[in-house]
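Structure, as structure tokens:
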Amino acid sequence: MDRDAPTLMAADSDLPGILRLTPETRRRIYLYAGVGHRQHYSETAPAVYDLGDPSSFEAVKTQYEIDQGFQSFHGLLLSCRTIYAEASALLYSANWFIIRYQPRRSLEPLRALTPRALASLTNLKVVLNQTSCHEQKTGSEGSGGCCNRLWTYERDPSGSGGRKLVSGCVVWHEYDHDLPLDGSGSLAESVLVEWHATAAYLASHIVPGKLELTLVCDVHHEDVETAKLVLDDLRLLPRLKDCHVRLCETRDSRLQQLAQEAALRARGIVSSEPPTSSGSFSPRLVNLARELRLRILEYTDLVTPCKEVMWSRASRGYRIERGPCSALEGNGYCKRESHHGCQFNQCWRMPWPQPSVGCFCRRRHTAFSSRCKCWAPPTPLFLVCRTLYSEANLVFYGENRFIIVDGPYSSPFTPWRPGDYPHESFAASQFLRHVVPRHCLGHIRFLELVFAPFTHLSRPRDEHRALQDWSETLDWVKDKLNLPALTLRLIMAGNGEFRPEGSEEMTRAQGKEVLATYNRILSPLRRLDPTSDGGLARFHAELAWPLQWTRWVARKLQEEHAWDWLESKDRELKRRAEHFVMGERYERVSVAAGEPQRSVWTWSYLC
């Protein structure tokens, strides 16, 4: 062995300097050159390369300290076979790659990759057809969010019988949209032929369990057969590390099931073979003790991420609100009490500067992805059987706070237009009488009633039908609510982004008219018997001082910086309202118990 050592040393001395280094040292050089990642100021992240677009390989923009391409290491790939083999393996294993069918009507650039490159590949996105685009600027594919587009179709004037895109979302996205793939057209046939050939080529060279594949093929929402043909080619591939599938821009239950089964099967989670026995094992949840069933249901979507559910006339259904999570943008701050819920919203977002696979949210599209944990109304849990229906209602209404927004839009801060209150009943009355099942009213533990800003020009007038209905509703519901366990919070919104029309010129007398409206909404709450221990458990109020929008208050704040004085007005209204409703129990209950945690919407709309 010692006799051979000088020979090896002599051979090494004839190699170029870089090849005399150890493989580990050469790998560090490749990384420093940007082969394995893209530099974003002081942060690093995988680069996203478009295989079908040469413009994705741009030069480095050193003035911004952002690496925009691979020109900084392109010379390494051309230097010799050894360095090419090592550097290209790192390039294809550490970065993300995307290929779109539509620009070239071909997937040939993907099939042009060598077997060694495909064996190194770890992340690939194939876009066969995309009706809702992601940002396609160089290096920005990873932003993930779909564009909010407004477009329509009309007959193509050329007489071809097709449809024409006449308006796009924004100028630079207008031509990035495809029409939904229709199996009856020639385009679908060519797409399927290309995809089949590409899937067969990938199957011969990719390593089992190594590749994360993202597939986008937006078909017509009724074209189940074309969707099946697209997904059948996934069966050719060896087991994937992960698989994300999108089949339609809009939601469709039949296609959704196909996407889920195909993605799980591609990952080896669901067998591609049919079951050997006619029966299948299904856990009998109803055979468990009731206490265990309730605990299990508390870990489902019956309990929302922030334990808050919003309802308004504008939304026409339950929804949840997500506060701004700046931690995802790299700024590092978010409401601590709410941050845990951020993972259940906007699943396409990733902490900056990490790229995203794109939008595969089950709430927005017909798609399936292991990364989508977004909250959706758990309707199936209410449809299993009567037992689970009853217990699902108990968990849903008992474990969440319910925020009822009474305003012209879903934002509680958007003021009413000048004029009388436009509805015959308040949103709270409609919610209690017609939205919540009567037998579920006793499950509710927290109600927050939020009214959009009232002014002297936009408020329910004296003897308005909505005020009468409010009193009647509280008389009707007081025996159905579990009052000793209920916390009620009433909010008259203010300090929002929009200043109510005409509020700048409000006089003190007109401000008193608004306060009188507050009182007419507060007074019926005393029907809930809050002054006794058997009545309403807790009551909290936040009332906007009506004169806060006037010009003279604005001048006072500007000249005297009297913010404490303005806040004292709201505090005084709060104290008077809570004492008015709770009576002698005010000090013992409202003050001693402390203020409940602020709801997410109070800062999500303001930030």
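Summary of computed values
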read-out: Test for Arg585: is it under 24 Å from Ser523 (Cα atoms), in a helix (DSSP H, G or I) and basic (Lys, Arg); value: yes
read-out: Candidates Trp416, Trp375 - the one that is on the phi < 0 side of the Ramachandran plot and in contact with a strand residue (DSSP E or B) (Cβ under 9 Å, 6 or more places away or on another chain); value: Trp416
read-out: Flag for Ser568 being among the polar types (S, T, N, Q) and at pLDDT below 85; value: no
read-out: Of residues in region 67-85 being more than 16 Å from Leu51 (Cβ to Cβ), in contact with a Leu (Cβ under 9 Å, 6 or more places away or on another chain) and buried (at least 19 other Cβ atoms within 10 Å of the Cβ), the one modelled with the lowest pLDDT; value: Phe73
read-out: Residue list for region 464-510, restricted to those being in contact with a Leu (Cβ under 9 Å, 6 or more places away or on another chain), at pLDDT 90 or above and closer than 18 Å to Gly407 by Cβ; value: Arg489, Leu490, Ile491, Met492
read-out: Residue ID - nearest to Phe360 (Cα to Cα), chosen from residues in region 260-294 that are polar (S, T, N, Q), at pLDDT below 55 and over 33 Å from the mean Cα position of the chain (by Cα); value: Ser280
read-out: Condition met for Ala516 (more than 22 Å from Pro408 (Cα to Cα), in the same structural domain as Thr550 (by TED's automatic domain parsing) and surrounded by fewer than 15 Cβ atoms within 10 Å (Cβ to Cβ)); value: no
read-out: Residue match in region 550-568 (condition: closer than 25 Å to Ile404 by Cβ, surrounded by 12 or more Cβ atoms within 10 Å (Cβ to Cβ) and in contact (Cβ under 8 Å) with a residue 12 or more places away in the chain); value: no
read-out: Which listed residue is more than 22 Å from Ser599 (Cβ to Cβ), touching a residue at least 40 places away in the same chain (Cβ under 8 Å) and among the aromatic types (Phe, Trp, Tyr), from Trp470, Trp476; value: Trp476
read-out: Residue in region 406-422 that is part of a loop (DSSP other than H, G, I, E, B), acidic (Asp, Glu) and modelled with pLDDT of 90 or more present; value: no
read-out: Exclusive hit being surrounded by fewer than 15 Cβ atoms within 10 Å (Cβ to Cβ), touching a helix residue (DSSP H, G or I) at 6+ places or on another chain (Cβ under 8 Å) and not aliphatic (A, V, I, L, M), set Ser190, Ser204, Ser253; value: Ser204
read-out: Test: residue in region 249-265 that is farther than 20 Å from Gln102 by Cβ and in contact with a Cys (Cβ under 6 Å, 6 or more places away or on another chain); value: yes
read-out: Residue in region 443-453 that is surrounded by fewer than 20 Cβ atoms within 10 Å (Cβ to Cβ), in contact (Cβ under 8 Å) with a residue 24 or more places away in the chain and part of a loop (DSSP other than H, G, I, E, B) present; value: yes
read-out: So Gly534, is it in a loop (DSSP other than H, G, I, E, B) and surrounded by fewer than 18 Cβ atoms within 10 Å (Cβ to Cβ); value: yes
read-out: Within region 361-397, tally of residues that are under 21 Å from the mean Cα position of the chain (by Cα), outside any loop (DSSP other than H, G, I, E, B) and aliphatic (A, V, I, L, M); value: 1
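The values are calculated or read from the model by the stated rules, or taken from the named source; none is laboratory data. Source: prediction; values computed, not measured. Cβ coordinates were reconstructed from backbone atoms using ideal geometry, including for glycine residues, and neighbour counts include every protein chain displayed.
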